[in-house]
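Step one of this worksheet: look at the structure below.
The values are calculated or read from the model by the stated rules, or taken from the named source; none is laboratory data. Quick caveat, the model's predicted, so the values are computed rather than measured. We place every Cβ from the backbone using ideal geometry, glycine too, and count neighbours over all the protein chains shown. For accessibility, only protein heavy atoms count, side chains too; no ligands or nucleic acids. Shrake-Rupley method; radii C 1.70, N 1.55, O 1.52, S 1.80 Å.
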Amino acid sequence: MSASQWHKFYTASIATTPDVLFDLLADMPNYGRWLPGSAAFGSTTDVDPYPVRLGSRYHDGKPGEQGKDWWGTVTGFRPPGALDFHHVIHVAQVRATVDVHIHYSLEQEDGRTTVTRWLVLDIWMPLVLRPLRRAITSSFERENVRTMAALKTYAEASSDPAEAIG
């Protein structure tokens with residue numbers, strides 16, 4: 001098996017408070033309110049314990065569709081400034097295992113919050129299939145850009161920030 005690492009920062013300036021954004025990100029069973037489904041993501045279920053806290057486990061991706069779901073853990077929980085997730089995804093088509101770490105940082109300045117999502121992927125796959133690594137990272141890229149855009153759109157759509165978590 002060949003091992004490699006890939007990481008990227010995704011940043012958005014959002015016109016709301018860190019508290020509102022943290023609550024949206026931590027309310028995992030209700031992501032559907034602000035994050036529509038996609039080819040890679042359907043819902044987050046089986047969150048335990050809930051409300052989310054450090055150590056909460058969750059079922060993510062497309063629960064109920066074999067091979068399209070995974071289990072994860074909340075590995076960092078510091079309201080309202082940071083939230084971390086970890087999960088492992090098996091990509092059967094290319095015989096890869098992807099160890100995923102996501103760190104959210106929320107910093108307020110001048111009535112806006114800068115949200116930074118740091119994605120780190122450790123990818124193990126057969127060396128002969130390594131040229132297909134780009135297909136894996138491209139899929140993560142699309143999903144992270146989509147997630148950040150949906151978070152911004154939803155949070156800014158409400159004239160009253162408290163309504164965004166309503």
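When only residues in the stretch 44-69 that are within 21 Å of V145 (Cα to Cα) and open to solvent by less than 40 Å² (accessible area, probe 1.4 Å) count, which is modelled with the lowest pLDDT?
In the first step, residues of the stretch 44-69 are kept if they are within 21 Å of V145 (Cα to Cα); the result is 44, 60-62, 68-69.
Adding the requirement that they be open to solvent by less than 40 Å² (accessible area, probe 1.4 Å) leaves 44, 60-61.
Numbers: T44: 84, D60: 84, G61: 74.
Checking each candidate, the answer is G61.
Name the pairs: first residue in the stretch 126-143 and closer than 18 Å to H90 by Cβ, second residue open to solvent by 80 Å² or more (accessible area, probe 1.4 Å), Cβ to Cβ under 6 Å, at least 6 apart or on different chains?
Cβ pairs passing all conditions: P126/R95.
If K8 meets every condition in (1) open to solvent by 40 Å² or more (accessible area, probe 1.4 Å); (2) within 19 Å of Q108 (Cβ to Cβ) apart from one, which number is that one?
If we test K8 against (1) open to solvent by 40 Å² or more (accessible area, probe 1.4 Å); (2) within 19 Å of Q108 (Cβ to Cβ), just (2) comes out false.
With respect to E109, is the statement that it is surrounded by fewer than 17 Cβ atoms within 10 Å (Cβ to Cβ) and modelled with pLDDT of 95 or more true? Even if it seems obvious, please write down each step before you answer.
Values: surrounded by fewer than 17 Cβ atoms within 10 Å (Cβ to Cβ): yes; modelled with pLDDT of 95 or more: no.
Judged against the criteria, E109 is not a match.
Just name the residue that is surrounded by the most Cβ atoms within 10 Å (Cβ to Cβ) out of those in the stretch 70-96 that are more than 14 Å from the chain's Cα centre (by Cα) and either free of Cβ contacts under 8 Å to residues at least 40 places away in the same chain or part of a loop (DSSP other than H, G, I, E, B) (or both).
Ranking the candidates gives P80 first.
Which numbered condition trips up A3, out of (1) within 25 Å of M125 (Cα to Cα); (2) assigned to a strand (DSSP E or B); (3) among the small types (G, A, S); (4) open to solvent by less than 40 Å² (accessible area, probe 1.4 Å)?
It fails just one condition, (4).
Would you check if there is a residue in the stretch 42-61 being β-branched (V, I, T) and touching a His at 6+ places or on another chain (Cβ under 6 Å)? Talk me through it step by step, then tell me what you get.
Restricting attention to the stretch 42-61, the residues satisfying the condition of being β-branched (V, I, T) are 44-45, 47, 52.
Narrowing further to those that are touching a His at 6+ places or on another chain (Cβ under 6 Å): 45.
The answer is yes, given that some residue of the stretch 42-61 is β-branched (V, I, T) and touching a His at 6+ places or on another chain (Cβ under 6 Å).
Looking only at the stretch 115-125, decide whether some residue is among the aliphatic types (A, V, I, L, M), open to solvent by 10 Å² or more (accessible area, probe 1.4 Å) and in a helix (DSSP H, G or I).
Looking only at the stretch 115-125, we keep the residues that are among the aliphatic types (A, V, I, L, M), and these are 115, 119-121, 123, 125.
Applying the additional criterion that residues be open to solvent by 10 Å² or more (accessible area, probe 1.4 Å) yields 120.
If we keep only those that are in a helix (DSSP H, G or I) too, we end up with none.
Within the stretch 115-125 (the criterion being among the aliphatic types (A, V, I, L, M), open to solvent by 10 Å² or more (accessible area, probe 1.4 Å) and in a helix (DSSP H, G or I)), the answer is no, since none of the residues qualifies.
Would you pick out the residues in the stretch 6-51 that are among the aromatic types (F, W, Y), in a loop (DSSP other than H, G, I, E, B) and without any contact (Cβ under 8 Å) to a residue 24 or more places away in the chain? Working first, answer last.
Step one: filter the stretch 6-51 for residues among the aromatic types (F, W, Y), giving 6, 9-10, 22, 31, 34, 41, 50.
From what is left, the residues that are in a loop (DSSP other than H, G, I, E, B) are 34, 41, 50.
Across the stretch 6-51, the qualifying residue is only Y50.
What is the one condition in (1) in a strand (DSSP E or B); (2) more than 14 Å from the chain's Cα centre (by Cα); (3) over 18 Å from A149 (Cβ atoms); (4) not charged (D, E, K, R) that H101 does not satisfy?
Status for H101: all satisfied but (2).
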